1. Go over the candidates A8, A35 one by one and state the one that is of a type in the set (A, V, I, L, M) and modelled with pLDDT of 80 or more.
2. Pull out all pairs, ordered by first then second residue, where Cβ-Cβ is under 6 Å, the residues are six or more apart or on different chains, the first lies in segment 32-51 and is open to solvent by less than 60 Å² (accessible area, probe 1.4 Å), and the second is outside any loop (DSSP other than H, G, I, E, B) and not charged (D, E, K, R).
3. Restricting attention to segment 16-29, does a residue exist that is in a loop (DSSP other than H, G, I, E, B) and either on the phi < 0 side of the Ramachandran plot or open to solvent by less than 80 Å² (accessible area, probe 1.4 Å) (or both)?
Amino acid sequence: MIDVRLLALVDVSTAGRRVLDQLLYLSDPETGTAAISQNEMPRELGASKPP
């Protein structure tokens, strides 16, 4: 699992950080995987999917 303290050391755009935060929120603490599809991610972020 990613230690969130490491995120302070990485230069990530605001949009990239929102995606990462969402994936961390949805991730299973035991496996570290997030069960979300590419179609669900934009809906969760309130964004549109690029063409």
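The values are calculated or read from the model by the stated rules, or taken from the named source; none is laboratory data. Note that the structure is a prediction, hence the values are computed from the model and not measured. So basically every Cβ, Gly included, is an ideal-geometry build from the backbone, and we count neighbours across all protein chains shown. Only protein heavy atoms, including side chains, enter the accessible area calculation; ligands, DNA and RNA are left aside. Shrake-Rupley method; radii C 1.70, N 1.55, O 1.52, S 1.80 Å.
1. Answer to the check: A35.
2. A34/L23; A34/L26; A34/S27; I36/L26
3. yes
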